[in-house]
Amino acid sequence: MSFKDLRTRYVVDVATKLFLERGIAEVTIKDIAIEAEIGEATIYRHFLKKANIVLAVVLKLKEKVFGSYFDLSKGKTGFEKVEMFYYSYLRIFEKSPEYFYFINEFDAYMQMEEGASLEEYEKEVDTFKTQFLEIYNQGVKDGSIKKVDDIDVFYLSTTHSLLELCKKLSAKEAFLKQDKTSKKAAELECLIKIILNSLKA
């Protein structure tokens, strides 16, 4: 690995720490430079703008988090693998809720950032759908999963619902009384069970 690559990785590590501590909107390039003890110009040479650092951080977190919990190789039937797929959201939420909090901030930040290129991020997200379709088709073939009318709609609606619930439950402050008394993991597991029951043959 070159010195440039090492420095880039170091800047991303520092930015990750600051974003998780303070929030994306509150952290500036200057803050990252001070924390990393390098010049702002050096950071701009590597990333051009803050949005590129934010993208690098979300990709790093995705690789770290899902690399630890998103293992579909242990299941035997297609349904067992689909079960692991959905339960990975719960495992990640229990071990790394800050990941979903960051994703919530990432979405809000990128909506405000004009001209941000999300191609690499979208490519990474698409790999989840590819994996899901493979294990779904395996389950239909081995008889452990019942076929749904539109698997694309099913995938998007279920994963979006889970992701949004994870983001809501990862909020640092509860605004409603019911949010303060919420059994967060139980809510997630309830939704996962509903999804799985609709798929199981």
I'm trying to understand the selection: among the residues of region 23-41, which are under 20 Å from E105 (Cβ atoms) and either touching a helix residue (DSSP H, G or I) at 6+ places or on another chain (Cβ under 8 Å) or surrounded by 14 or more Cβ atoms within 10 Å (Cβ to Cβ) (or both)? G23, I24, A25, V27, T28, I29, K30, D31, I32, E35
Applying the selection to region 70-94, what residues are hydroxyl-bearing (S, T, Y) and under 18 Å from the mean Cα position of the chain (by Cα)? Y86, Y87, S88, Y89
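Among residues belonging to region 148-172 that are acidic (D, E) and not in a helix (DSSP H, G or I), point out the one that is farthest from the chain's Cα centre (by Cα).
Across region 148-172, the extreme among qualifying residues is D149.
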Can you run down the residue pairs with Cβ atoms below 9 Å, 6 or more apart or on separate chains, where the first is in region 146-164 and surrounded by 14 or more Cβ atoms within 10 Å (Cβ to Cβ) and the partner is of a type in the set (G, A, S)? V148/S198; F154/S198; T158/S198
Can you tell me which condition S170 does not meet? The list is (1) touching a Pro at 6+ places or on another chain (Cβ under 6 Å); (2) modelled with pLDDT of 90 or more, and all the others hold. (2)
I'd like to know if region 103-117 contains one or more residues that are surrounded by 15 or more Cβ atoms within 10 Å (Cβ to Cβ), in a helix (DSSP H, G or I), of a type in the set (D, E, K, R) and not assigned by TED's automatic domain parsing to the domain that holds R22. yes
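Okay, residues lined up against (1) free of Cβ contacts under 8 Å to residues at least 40 places away in the same chain; (2) closer than 13 Å to L55 by Cβ; (3) β-branched (V, I, T); (4) not assigned by TED's automatic domain parsing to the domain that holds K167:
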| position | (1), (2), (3), (4) |
| --- | --- |
| E80 | no, no, no, no |
| L90 | no, no, no, no |
| E120 | no, yes, no, no |
| D126 | yes, no, no, no |
| N137 | no, no, no, no |
| V140 | no, no, yes, no |
Quick check on this structure: which one of L20, L59, L90 is touching a helix residue (DSSP H, G or I) at 6+ places or on another chain (Cβ under 9 Å), buried (at least 16 other Cβ atoms within 10 Å of the Cβ) and modelled with pLDDT under 90? L20
Condition test on K74, is it assigned to a loop (DSSP other than H, G, I, E, B) and modelled with pLDDT under 90? yes
For region 137-154, name all the residues that are farther than 16 Å from F85 by Cβ and touching a Leu at 6+ places or on another chain (Cβ under 8 Å). K146
Which of the residues belonging to region 37-56 are modelled with pLDDT of 90 or more, outside any helix (DSSP H, G or I) and at negative phi? I38, G39
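The values are calculated or read from the model by the stated rules, or taken from the named source; none is laboratory data. Here the structure is a predicted model, which is why all the values come from computation and not from measurement. Neighbour counts run over all protein chains shown; Cβ positions are idealised from the backbone, glycine included.
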